[in-house]
């Protein structure tokens, strides 16, 4: 063996210098692969021999592309601390597994479902089942359920107060069914005073869980319901459909909440959104990107991404931006920091809750600049980007969640600060003038 080693060494030394450099580089690359993939398949009858070969970390890192998409870079839900939940989350979340959306300006069936990662093939099959789905109108509501694999199982389209269409998956497409309600719509005003909590007080005043959820969502940009005090007052105007003495469905028309002597309002417009007394939008505007300038996307949102090694579905619930370490990371909207810590594969990690509907998450950070419970404004610096956790190169992993469902940050319909104008505003103010007297608190 020693004689063979000496012969190899002698032959190597006799090679021209360029050849020796090339052969040395190939040797380093081979050893690097051995370090990263030390395990290979062996029949059960053969005992594998595994040797650990150590290389300097700097030498290994130099062979990896910067901010490349690794085999499994995404932090799974088990690797990331869960967003803290409270009593209000139970009321603001819809039925388990059901996702809801109110159609707004510029929406199409494709643009709505695509941001949630629903396959274009399913969207095409829906449109084939009912061509009218191509003509969604502002203010209409659609909801859907997914299978465990993320495939569309059912979609419901509330065309009006009277008619609802449902599309169920069948072999080769979707089957449509329609239901028309013939009940009478009756307006009801419910008033109350906050005691132990808003949820329990609203329930005592006669609101259902779904109606409580609607109130919290409508007022989420103005009021933190967890901080309401004993003695605060509220008044809610609901329109309820009664059929054979039973309530079938309801729609929130207006809310008035008095806290510390100050009144807060929200009124529903024809577009299904809520505005204040003057027709100004309540939602706080969001930035599209969590950095001051746009960086290259190194890995896209993909809820059906397959792990190239295991062959299993390993969803990528956000987007990765390739950017230098130390780049300032910005809060995309006003909100409250709910997580700011190191968390397993996510590395240094920040989560911000914006109202009760939206949550954003930022991972693999080098340095945290905020703490849990801290209030932030749109554009505030919350961290410096890095390469912590399960990561093979400097980058920022960024996620947007709507109603506890991950969506594509690049295409999601994010809130904008906007108001009504023209005839829409005129009609709205006339409606407010009619509703406002009914919302007097005692």
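The values are calculated or read from the model by the stated rules, or taken from the named source; none is laboratory data. As the structure is a computational prediction, the values presented were derived from the model and not from experiment. Quick reminder, even Gly has a Cβ in these numbers, built from the backbone with ideal geometry, and neighbours come from all protein chains shown.
Observations on the structure shown:
- Residue 109 within 27 Å of residue 402 (Cα to Cα), out of contact with any strand residue (DSSP E or B) (no Cβ under 7 Å at 6 or more places or on another chain), surrounded by 16 or more Cβ atoms within 10 Å (Cβ to Cβ) and modelled with pLDDT of 90 or more: yes
- Evaluation of residue 242 against (1) more than 23 Å from residue 207 (Cα to Cα); (2) modelled with pLDDT under 90 (one fails), failing number: (1)
- Residues of the stretch 141-155 satisfying the condition of being touching a strand residue (DSSP E or B) at 6+ places or on another chain (Cβ under 6 Å) and either under 12 Å from residue 249 (Cβ atoms) or not in a strand (DSSP E or B) (or both): 141, 147
- Residues (outside any helix (DSSP H, G or I) and loosely packed, with under 14 Cβ neighbours inside 10 Å) located in the stretch 225-241: 229, 230, 231
- So residue 171, is it surrounded by fewer than 16 Cβ atoms within 10 Å (Cβ to Cβ) and not assigned by TED's automatic domain parsing to the domain that holds residue 220: yes
- Taken over the stretch 97-123, the criterion of being closer than 24 Å to residue 269 by Cα, in a loop (DSSP other than H, G, I, E, B) and either in contact with a helix residue (DSSP H, G or I) (Cβ under 9 Å, 6 or more places away or on another chain) or without any contact (Cβ under 8 Å) to a residue 60 or more places away in the chain (or both) is satisfied by 103, 106, 108.
- Verdict on residue 253 being closer than 19 Å to residue 100 by Cα and part of a strand (DSSP E or B): yes
- Positions within the stretch 170-202 being within 24 Å of residue 273 (Cα to Cα), in contact with a strand residue (DSSP E or B) (Cβ under 9 Å, 6 or more places away or on another chain) and not in a strand (DSSP E or B), in sequence order: 181, 198, 202
- Hits in the stretch 196-212 - residues which are touching a helix residue (DSSP H, G or I) at 6+ places or on another chain (Cβ under 7 Å) and modelled with pLDDT under 90: 197, 209
- Residue 371 passes every criterion in (1) modelled with pLDDT of 95 or more; (2) surrounded by 19 or more Cβ atoms within 10 Å (Cβ to Cβ) apart from (2).
- Residue under evaluation residue 226, criteria (1) in contact with a strand residue (DSSP E or B) (Cβ under 7 Å, 6 or more places away or on another chain); (2) in contact (Cβ under 8 Å) with a residue 60 or more places away in the chain, criterion not met: (1)
- Taking the stretch 232-268 as the range and being touching a strand residue (DSSP E or B) at 6+ places or on another chain (Cβ under 7 Å) and farther than 19 Å from residue 433 by Cα as the test, the residues that pass are 232, 233, 240, 241, 242, 247, 248, 249, 250.
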